[in-house]
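Structure, as structure tokens:
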Amino acid sequence: MAATWWSPVSPCTPQECVTGEGPLVGRLSRLVRYAAALVVLFIGVVLAVPVAALCPPALRDSLVRTWMRSVAAAFGMRIRVPAPPAAREPGRGLLVVANHVSWMDILLIAAVIPGRNVAKAEIRGWPVIGPLCVLGRTIFIDRERFRTLPDTVAEVTEALRGGATVVAFPEGSTWCGREEGSYRGALFQAALNAGADVQPVRIDYRLADGTRATAPAFVGEDTLMDSVRRVVSGRGLTAEVAVLPPITAGTWHDRRALARAAHDAALRIEVPAARQPAPARPVEVIEVVEVTAPVVIPSPVVQPSEPAASLP
């Protein structure tokens, strides 16, 4: 699909961006990982319907987090979270936005902040992942039909007003992690419309020695199975999921400015500002790591709201 002003395509390719797979596990370990992943996925699929129907939201979210962490572990991926998500008012919607590197990103976000995903319509037809997305009430977006975008924004707005957590990857495409795209503003309009907070999240993949890992990347003409094979084959892969200070509703009044603020936070760019980020929160239980760069969200410049119909 060619890039357009409203539907971006990453320039990243497997040939240019996947720079070696790093240390590899043996054949037997790979077979064990494939088998473990299939078993964990199957158990989750079987239990998904009764859990969704019978469990209260708090318990359901806890079970989803446990399941997704188990899936990541089965694939050989460790998860590190510097700090847990901030507590929020019950029934208040939250738009979670993150950089997009891999198909693993969806599992990682769900392992920390479960919610309804916004995903490209093609995923609906993927094996295993597609049915799971349907069960998870994913909001599908048709990137090739711009006229449907206002309807998607309206659907996300309704979900946020209903108190849902909605997860989106506003770069609009996957990037290798060494390079990144800007955040598109369309879905941020939904947060403005609903008066919802925005939660920036930063995802990085690393090898055991701390260097950046590109093996999990799912870019360009890469196939899903090629990316899965690299993850299953990798030794010592770790996913760092940094939950950054939330941007409270009303801080920004323009979707483009809100998108820039969330993107800058995810990149950990320090910009001049009078307002400082929220105090550090206690470290979550998955594994403790130190966040080495501060995040400062700039003071807003109040601009008139733009109608949801004229989306970028």
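Points worth noting:
- If you go through region 113-131 and keep only what is closer than 22 Å to Thr165 by Cβ, more than 16 Å from the chain's Cα centre (by Cα) and touching a residue at least 40 places away in the same chain (Cβ under 8 Å), you end up with just Pro131.
Residue-by-condition table, conditions (1) under 25 Å from Val81 (Cβ atoms); (2) not charged (D, E, K, R):
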| position | (1), (2) |
| --- | --- |
| Ala110 | yes, yes |
| Ala121 | no, yes |
| Arg137 | yes, no |
| Ile141 | no, yes |
| Thr157 | no, yes |
| Arg161 | no, no |
| Val166 | yes, yes |
| Pro170 | yes, yes |
| Arg184 | no, no |
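- Listed by first and then second residue, the pairs with beta-carbon distance under 8 Å, at least 6 apart or on different chains, first residue in region 156-176 and touching a residue at least 24 places away in the same chain (Cβ under 8 Å) and assigned to a strand (DSSP E or B), second open to solvent by 10 Å² or more (accessible area, probe 1.4 Å) and among the polar types (S, T, N, Q), are Val166/Asn117; Val167/Asn117; Ala168/Asn117.
- Output for region 212-228, where each listed residue is in contact (Cβ under 8 Å) with a residue 60 or more places away in the chain, of a type outside the set (A, V, I, L, M, F, W, C) and not in a loop (DSSP other than H, G, I, E, B): Asp226, Ser227
- Within the set Ala273, Ala266, Ala259, Ala308, the sole residue that is open to solvent by less than 80 Å² (accessible area, probe 1.4 Å) and modelled with pLDDT of 90 or more turns out to be Ala259.
- Residue within region 51-63 that is open to solvent by less than 70 Å² (accessible area, probe 1.4 Å), within 24 Å of Gly210 (Cβ to Cβ), at pLDDT below 85 and not in a strand (DSSP E or B) present: no
- Residues (assigned to a loop (DSSP other than H, G, I, E, B), buried (at least 22 other Cβ atoms within 10 Å of the Cβ) and under 15 Å from the mean Cα position of the chain (by Cα)) located in region 82-112: Asn99, His100, Val101, Ser102
The values are calculated or read from the model by the stated rules, or taken from the named source; none is laboratory data. Please read all numbers here as calculations on a predicted model, not as lab measurements. All Cβ positions, glycine included, derive from the backbone under ideal geometry; neighbour counts span all protein chains shown. Calculation scope for accessible area: heavy atoms of the full protein, side chains included, ligands and nucleic acids excluded. Shrake-Rupley method; radii C 1.70, N 1.55, O 1.52, S 1.80 Å.
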